[in-house]
Structure formats: structure tokens, C-alpha cells
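Okay, structure first, notes after.
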Ligand SMILES: [Zn+2]
């Protein structure tokens, strides 16, 4: 989403914004209006809109159902209605509307779990971004050290390694042939190397294909993510493992599902 918006928003100035959700009322309208966007990038799981040095940043977290939709102006500035139909947007799901000289950016979010915050400067995040150069096998080894948490839980810890959600955690563990309930601190060297490699592989592939559309994720152009067809275990319970044909198992802990193959990802060995 950040990658797509970058090409559309870079160099544009926010002419105005309307907020339709009282939960976002603390968003600083005055600071944002008239601000010129210098870049749009990903920061962890958030979309980070930059306004240049000392001019602050806007951090948007889409969470479950949030979408950022770009509607270019074509003639009549106010004619966004046809797009609502095309993108399957209900009026009541629009939480913020940003006006730009070249179009409108909508923050649409039916379940309203998403957040939008303006900060004077980017907060100091403690997590490691798994796609940054700071993330090495040594970093992963250090993070696993003394951590008795089950691997699946460990991968979802956004304060340690940011960006791995429930879908990708199952996919990474299957590809690394690791049991989801193995304790992080028990990983051997070769297992850590496999885990490291698959964290990078899965996230890179998913980002390249614009994510995984499960229920209703759509990118800024209204397209669905393309990673879904590469899923090997997620939501495939009862179906044959793509590697060994054993039925994929689904297990639920803390309201979250884990999918794995008991043969390819044994508890021991
Ligand atoms: Zn298998």
C-alpha cells in the first residue's frame, strides 16, 4: 500500500481533510492541512506519510479491515460516488477524507480498528524490521535466547520482530519445517538459519504480490493481494499437505488459528 501511494502522493499538498469518526478527532487537522508530502513508506506494519524534516509524520495502521483508497480527479472534483460502488465502499465506512490537487485519498475501515496519528517526529520503535539490514541470523538468535515462548507466539510479538501476522507466522513455520509449539530458546543453529531465511522469503514474496486477501483487504487501487494462491497451510485444514499429502491440522490458541503439518513439522526431530 505504501509503495503504491508513494507514486501518487509524493510532492502533493494536503488541501483539506474531513474526519468522520470521533475516535480520530485528535488528529491534528491544522498541522496536516497545507503540508506537502515528501515520501510515503512502510514503517513496521504502518503506512508512514512524511512531510519533510521537522514537519512531522502521519502514521496510519490499517489493522483488520482498513484500506487507503486513491481516487484521482477526473473533471468534476466531487464525483467520487462511482468509485464507492466500484470499490464496494459504504459511506459510513469512510473515516477520513484527504483532499489533494490531483485526487482524494479515503481511509475506509468498516470495523474501525485502524489508527491514524500525527507525530512531530517518528517515535523510537524498539522492534527489529525483518526486512532491514539490522535483521541477521545473529539478531534472531539473540531474540530467541532465553525465550521460552512457543515459536508461533514468538513470531507474532510485534515488539520483537515487527510485521509478521497470523497468516505469515503459519506459512513461515511450515516452510522452515518447525513445529509451532517448539520453544524459541530451544532452536538449534540450523533451525534458526531456516527460520531466518523463511521469515525473509515469505514477507518479501507477500509484499511483492501486494499481500494476502483473506476477507476484504484491498490495496489503494482496489485490487486484491496476490499471495493467497501461494499459501501452503493457512486455512487449508483437512486438505493434503503440499509436501507430504498428510492432512493439514488447525489448532486454536487464544482465539487465533495455527495451521501446520504434523508430519513435516513434528514436535521432535
Ligand atoms: Zn507435510
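Taken together, the values in this text are just the output of simple stated rules run on the coordinates, not laboratory data. Nothing here was measured: the structure is a model prediction, and the numbers come from that model. In this analysis, Cβ positions are derived from the backbone assuming ideal geometry, glycine residues included, and neighbour counts consider all displayed protein chains.
Miscellaneous remarks
- Modelled spin labels at residue 181 and residue 99, positioned 7 Å past Cα toward Cβ, are 5.8 nm from each other.
- Residues listed by number, the stretch 237-269, amide nitrogen under 19 Å from residue 190 label point at 7 Å toward C-beta: 263-269
- Helix-derived mean residue ellipticity, 222 nm - over the chain, DSSP H n ≥ 4, -39500 (n - 2.57), to 500: -6500 deg cm²/dmol
- Considering only alpha-carbon pairs that sit under 8 angstrom and 6 or more positions apart, the relative contact order computed for the chain is 16 percent.
- Degrees separating the helix 166-175 axis from the principal Cα axis of the chain, which is the longest one: 40 degrees
- Relative exposure of 171, 138, judged by other C-beta atoms within 10 Å (fewest first): 138, 171
- Relative contact order of the stretch 129-250: 21 percent, from C-alpha pairs under 8 Å at least 6 residues apart in sequence.
- Calculated FRET efficiency for the pair residue 29/residue 113, C-beta based, R₀ 30 Å, to 0.05: 0.85
- Residue ranges 43-50, 130-137, 88-95 sort as 43-50, 88-95, 130-137 when ordered by packing (mean number of other C-beta atoms within 10 Å per residue, highest first).
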